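Report on one structure; see the data block that follows.
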Amino acid sequence: MSVPEEEETLLPLTQRWPRTSKFLLSGCAATVAELATFPLDLTKTRLQMQGEAALAKLGDGATDSAPYRGMVRTALGIVQEEGFLKLWQGVTPAIYRHVVYSGGRMVTYEHLREVVFGKSEDKHYPLWKSVIGGMMAGVIGQFLANPTDLVKVQMQMEGKRKLEGKPLRFRGVHHAFAKILAEGGIRGLWAGWIPNIQRAALVNMGDLTTYDTVKHYLVLNTPLEENIATHGLSSLCSGLVASILGTPADVIKSRIMNQPRDKQGRGLLYKSSTDCLIQAVQGEGFLSLYKGFLPSWLRMTPWSMVFWLTYEKIREMSGVSPF
């Protein structure tokens with residue numbers, strides 16, 4: 001009958017296309033969070049590249065030209081040597097990445113939670129289901145966003161290359177995409193995708209699972225209600241757990257993505273994420289896997305807080321039920 005169709009056209013867009021709406025809303029929230037915390041991400045990436053033992057095989061002098069300076073001195077060094085705005089170098093592909101990544105992971109997680117696994121009648125969602133859902137959401141979201149993440153990591157290192165007297169590789173974001181595609185083909189855009197999705201699975205197990213579990217525990221078992229205080233406390237917990245679980249995989253991912261490559265697009269330093277892990281531990285020690293942890297944690301926590309508070313608020317303003 002025509003009546004239901006007419007009634008459907010009168011529904012808000014968020015009800016007519018719920019998944020698309022949630023994808024766009026999460027992308028908006030991620031953009032706000034990314035702009036606010038990107039300098040810490042750049043600092044983290046620079047720290048992760050310092051002292052890379054595998055570069056010695058190529059006779060690269062970068063290991064000597066990048067002394068350990070710590071988070072604050074690294075950030076100040078970028079400002080003094082490259083300029084204040086360079087703290088946001090690579091932010092454009094980072095925003096592209098988070099629109100795709102955050103949209104993909106949030107839609108996937110909610111679909112798994114509401115449709116595939118399902119909550120119990122008392123709205124309880126078992127931890128094991130949340131863990132599996134969070135990891136699967138991270139894998140799917142990150143696989144879709146890998147090309148933008150690759151460009152982001154490589155552009156973040158351009159300022160360092162300039163200081164070392166090396167020619168810049170890219171003129172901008174679109175040139176970076178085109179060059180990577182020309183040199184490595186479609187597969188080149190997914191360089192490092194295995195450690196990338198490994199990291200995403202761990203980070204989302206920490207972020208999505210922790211936020212969802214803590215928030216609903218507080219709402220169901222304490223006097224706290226669905227409000228900004230509950231959202232803030234839950235996001236603080238999720239940021240810490242995500243940083244602890246995700247930093248080692250993030251180090252491996254960044255190094256594989258940034259390594260020099262031959263004409264066939266094959267990495268010259270590492271054969272796989274496992275090889276990168278072994279070389280890092282053998283050449284630099286186990287704690288090398290936590291290089292950049294402090295800026296990663298200091299970024300992940302406010303990023304998580306900004307994202308979740310923004311996401312919950314714009315869902316409320318758009319007439320979508322709380323996460």
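The values are calculated or read from the model by the stated rules, or taken from the named source; none is laboratory data. Because the structure is a prediction, the values reported are computed rather than measured. Counting neighbours? That spans all protein chains shown, and the Cβs are built from the backbone with ideal geometry, glycine included. Ligands, DNA and RNA are excluded from the accessible area calculation, which covers all protein heavy atoms including side chains. Shrake-Rupley method; radii C 1.70, N 1.55, O 1.52, S 1.80 Å.
In the stretch 268-288, the residues that are of a type in the set (Lys, Arg) form no Cβ pair under 7 Å with any partner that is surrounded by fewer than 20 Cβ atoms within 10 Å (Cβ to Cβ), whether six or more places apart or across chains.
Looking at Pro167, Pro195, Pro248, which is the one that is at negative phi and free of Cβ contacts under 8 Å to residues at least 24 places away in the same chain? Selected residue: Pro167, the only one of Pro167, Pro195, Pro248 that is at negative phi and free of Cβ contacts under 8 Å to residues at least 24 places away in the same chain.
Of the residues in the stretch 246-259, not one is farther than 24 Å from Gln50 by Cβ and either out of contact with any Phe, Trp or Tyr (no Cβ under 8 Å at 6 or more places or on another chain) or part of a helix (DSSP H, G or I) (or both).
Mind checking whether some residue in the stretch 306-314 is open to solvent by 40 Å² or more (accessible area, probe 1.4 Å) and touching a strand residue (DSSP E or B) at 6+ places or on another chain (Cβ under 6 Å)? No, there is no match, as no residue in the stretch 306-314 is open to solvent by 40 Å² or more (accessible area, probe 1.4 Å) and touching a strand residue (DSSP E or B) at 6+ places or on another chain (Cβ under 6 Å). If you go through the stretch 250-284 and pick out every residue that is within 21 Å of Met155 (Cβ to Cβ) and of a type outside the set (Asp, Glu), you end up with 17. Looking only at residues in the stretch 66-109 that are open to solvent by 20 Å² or more (accessible area, probe 1.4 Å) and of a type in the set (S, T, N, Q), the one that is modelled with the highest pLDDT is Thr108.
All conditions in (1) at positive phi; (2) surrounded by fewer than 23 Cβ atoms within 10 Å (Cβ to Cβ) hold for Leu236, with the sole exception of (1). For Ala176, the stated conditions do not hold, so it cannot be described as touching a strand residue (DSSP E or B) at 6+ places or on another chain (Cβ under 8 Å), open to solvent by less than 70 Å² (accessible area, probe 1.4 Å) and touching a residue at least 24 places away in the same chain (Cβ under 8 Å). Filtering the stretch 183-193 for residues that are assigned to a helix (DSSP H, G or I), of a type in the set (A, V, I, L, M, F, W, C), open to solvent by less than 20 Å² (accessible area, probe 1.4 Å) and more than 29 Å from Met305 (Cβ to Cβ) leaves an empty set.
The set of residues in the stretch 262-319 that are of a type in the set (Gly, Ala, Ser) and either assigned to a strand (DSSP E or B) or modelled with pLDDT under 90 (or both) comprises Gly265, Gly267, Ser272, Ser273, Ala280, Gly283, Gly285, Ser288, Gly292, Ser296, Ser318, Gly319. Based on this model, can you work out whether Asn204 counts as touching a helix residue (DSSP H, G or I) at 6+ places or on another chain (Cβ under 7 Å), at pLDDT 85 or above and not hydrophobic (A, V, I, L, M, F, W, C)? The answer is yes for Asn204. Note on the stretch 239-261: among residues that are among the polar types (S, T, N, Q) and open to solvent by 10 Å² or more (accessible area, probe 1.4 Å), the one that is modelled with the highest pLDDT is Gln259.
Checked against (1) touching a residue at least 12 places away in the same chain (Cβ under 8 Å); (2) of a type in the set (Gly, Ala, Ser); (3) out of contact with any Ser or Thr (no Cβ under 8 Å at 6 or more places or on another chain), Gly133 passes all but a single condition, namely (3).
Checked against (1) modelled with pLDDT of 90 or more; (2) crowded, with 17+ Cβ neighbours inside 10 Å, Pro223 passes all but condition (2).
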